[in-house]
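Note sheet for the following structure.
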Amino acid sequence: MSQPTRPLIEVLAEIEDARQARGKRHPLVAILALVCVATLCGYRSYGAMAAWGRNYGAEFMEALGFTRPTPPRAATLYRALRGLDRVAFEAAIGAWVEEVLTAVAVAPGAGPTAVAVDGKTLRGSRTQGAAGSHLLAAVSQGLGLPLGQQAVDKKTNEIPVFHELLRDLVVEGRVYTMDALLTQRAAAQAIVDGGGDYMRRGHKCSNHGLLRVAHAWRLRNRVGENGLGRRSHHPFTRGLPIYDHASII
């Protein structure tokens, strides 16, 4: 049985509210809870989130922490989220996700913890005045939750940003999957040094198939000594073989 974790709403209640007291009609924790639940239901814009709250009525809004019968409008959501300390918010959510991931990992029969690292350009960033906003994110493959993310500046690429992202993540005992762009010697060495494993995804391999291989082999590409007691000239041993996923599932 997995260990109990805190409800997400308790974590949201710890987020600092930077709004001025004057004119503040709704608790920040209720607004954040509404945004989370509406997003999980597929409502992504401010207008859609506000409409989602109105459709479910006062009783549901009260359960989320609202103290007024009228739910917040889209402009209220926008102003509340714009004033958040993004770094502190992401750190709090990331810490909670780690709690959940740790609880799931200790459950009987749990396999290796898999983390996918990939970069994406934010959808809708162009219409929001931030054309080409690109993020490199690490996502738990088992939970589908982000563990951390870093912005990628236009003047650089994902490779140096990966090392910044990795510093804030738990590496030991986890399997990191990456695309061809991040298949770099320095990136692999950073994961190995942290006690983790890495796998490069081929064009014909699914993440599920790769994890089956990782769980079966549990090989670590470590810098070490060879059978004669001499230090190897090659920092990495032969990596995991890449199979077509259909042959191993």
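The values are calculated or read from the model by the stated rules, or taken from the named source; none is laboratory data. These numbers come from a predicted model, not from an experiment. Here the Cβ is made from the backbone with ideal geometry for all residues, glycine too, and neighbour counts use every protein chain on show.
Here are a few things to note about the model shown:
- Answer from 116, 95, 105 - the residue that is out of contact with any Leu (no Cβ under 8 Å at 6 or more places or on another chain), under 24 Å from residue 8 (Cβ atoms) and at pLDDT below 80: 105
- Taken over the stretch 9-18, the criterion of being surrounded by fewer than 15 Cβ atoms within 10 Å (Cβ to Cβ) and at pLDDT 90 or above is satisfied by 10, 14, 16.
- For the stretch 160-185, the set of residues classified as among the acidic types (Asp, Glu) and either modelled with pLDDT of 85 or more or in a helix (DSSP H, G or I) (or both) consists of 164, 168, 172, listed by residue number.
- Any hit, the stretch 200-207, residues being at pLDDT below 70 and part of a helix (DSSP H, G or I): yes
- Filtered by the rule that a residue be of a type in the set (A, V, I, L, M, F, W, C) and loosely packed, with under 12 Cβ neighbours inside 10 Å, the stretch 19-40 gives 21, 40.
- Filter result for residue 104 (under 30 Å from residue 142 (Cβ atoms) and either touching a helix residue (DSSP H, G or I) at 6+ places or on another chain (Cβ under 7 Å) or in a loop (DSSP other than H, G, I, E, B) (or both)): no
- When each of 6, 22 is tested for being at pLDDT below 90, within 29 Å of residue 147 (Cβ to Cβ), among the basic types (Lys, Arg) and in a loop (DSSP other than H, G, I, E, B), the lone residue that passes is 6.
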